[in-house]
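Before any comments, here is the structure.
The values are calculated or read from the model by the stated rules, or taken from the named source; none is laboratory data. The structure displayed is predicted, hence computed values, not measured ones. Neighbour counts are summed over all protein chains in view; Cβ atoms, including those assigned to glycine, are modelled from backbone coordinates with ideal geometry. Note: areas computed on protein heavy atoms with side chains; ligands, DNA, RNA excluded. Shrake-Rupley method; radii C 1.70, N 1.55, O 1.52, S 1.80 Å.
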Amino acid sequence: MDVTLENADEVYRYYSDHRQSRMKALAMYGVLAARHRPRVRFEDDAHDRLRAVVRRSEVPLVIAANHVRQTDPFVLAASGFLSPLRPRIGRMRVLAKDELFDDPDRRRKIDDLGGIPVFRQKDHGLRAAATAGKQMMDVCIERMGRGDSIAIFPEGTCNEEDPRLLQKVSSGVGHIASGALKKGSRPWLVCAGIAYPDQDRPVVVFSVPIALDAATPAQTTRLVASELQRAVTAAHASLQIG
């Protein structure tokens, strides 16, 4: 099966049920942790509170991270391995642009990491990508109902302007979280601010997890934007500390 917009129906049927090997996923995440060696830090008591939430296996997480470089998904995966999120590896799904699934070898690796393809409007046009986008969100909502967590870069594209300031956050994250709530899931939001020094290991700051309530998609999107901006600001402040 080719991951193309024309095959979107088949693609999302496949990824609605695809389950990667947890052992392979752990190995992949561990390799990325050794390769990227992110400096993982936590806001206030976020470490202990995140660990407490992760222990509740029935609680899905929405993990939102800012997007600065193409390596961000690998840095986020590495940080997950080095954080209280590690027990969720094998039950985390990562939204990734469809072009990353073109190469068979790379696709196998992304599948092992838990990837779900995203057909972006900027690549395929608003109308063409709209139906696929709805299917992608439905898959995320369905998987969260089974206890899976979703990692998302809600800016949708790399920030080539000022990495200290978050770009506009897509409403997709709000629709996914609100859809999960309507289906009976009780997701928690965890934000990860990523910052890169000129010559050193990246810094990732995790925010204090927040239980998402029955807010509208727009309210949830605004909450994600606010919390993620704070995590990004904390990550850049950490660069000054060293």
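In table form, for the structure just shown:
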quantity: Cα gyration tensor, the chain - rounded (a/c under 1.5), prolate or oblate; calculated: rounded
quantity: Lys, Arg +1 and Asp, Glu -1 on Cβ, resulting dipole of the chain about Cα centre, debye, nearest 20; calculated: 780 debye
quantity: HIS124 accessible area, assembled protein chains, probe 1.4 Å, Å²; calculated: 60 Å²
quantity: Heavy atoms of ARG13 accessible to a 1.4 Å probe, total area in Å² rounded to 10; calculated: 150 Å²
quantity: Debye, to nearest 20: dipole size of the range 1-57, +1 on Lys, Arg Cβ, -1 on Asp, Glu Cβ; calculated: 580 debye
quantity: Net charge contributed by nearby residues that have their C-beta within less than 12 Å of ALA78 (K/R +1, D/E -1); calculated: +4
quantity: Sites LYS122 and ASP48 - FRET efficiency at Förster radius 41 Å, r taken between beta-carbons, to 0.05; calculated: 0.55
quantity: Cβ-defined net charge surrounding LYS97, 11 Å radius [Lys, Arg +1; Asp, Glu -1]; calculated: -2
quantity: Which of PHE74, ALA25, HIS36, positive extreme of dipole for the chain (C-beta unit charges); calculated: ALA25
quantity: Per DSSP, loop trypsin sites (Lys or Arg not before Pro) in the range 167-229 with at most 16 further Cβ within 10 Å; calculated: LYS168, LYS183
quantity: The range 124-181: C-alpha gyration tensor shape, a/c 1.5 cut-off, then a/b vs b/c; calculated: oblate
quantity: Per residue, in Å², the accessible surface of the chain once ligands and nucleic acids are set aside, probe 1.4 Å; calculated: 48 Å²
quantity: Helical mean residue ellipticity (222 nm; -39500 (n - 2.57) per DSSP H run of 4+; nearest 500) of the chain; calculated: -15000 deg cm²/dmol
quantity: FRET E, pair SER57, SER171, Förster distance 35 Å, beta-carbon r, rounded to 0.05; calculated: 0.75
quantity: Efficiency of FRET from Cβ geometry, ALA130 and LEU26, R₀ 22 Å, rounded to 0.05; calculated: 0.05
quantity: Accessible surface of the chain, 1.4 Å probe, proportion on carbon and sulfur as whole %; calculated: 51 percent
quantity: Lys, Arg +1 and Asp, Glu -1 on Cβ, resulting dipole of the range 105-153 about Cα centre, debye, nearest 20; calculated: 180 debye
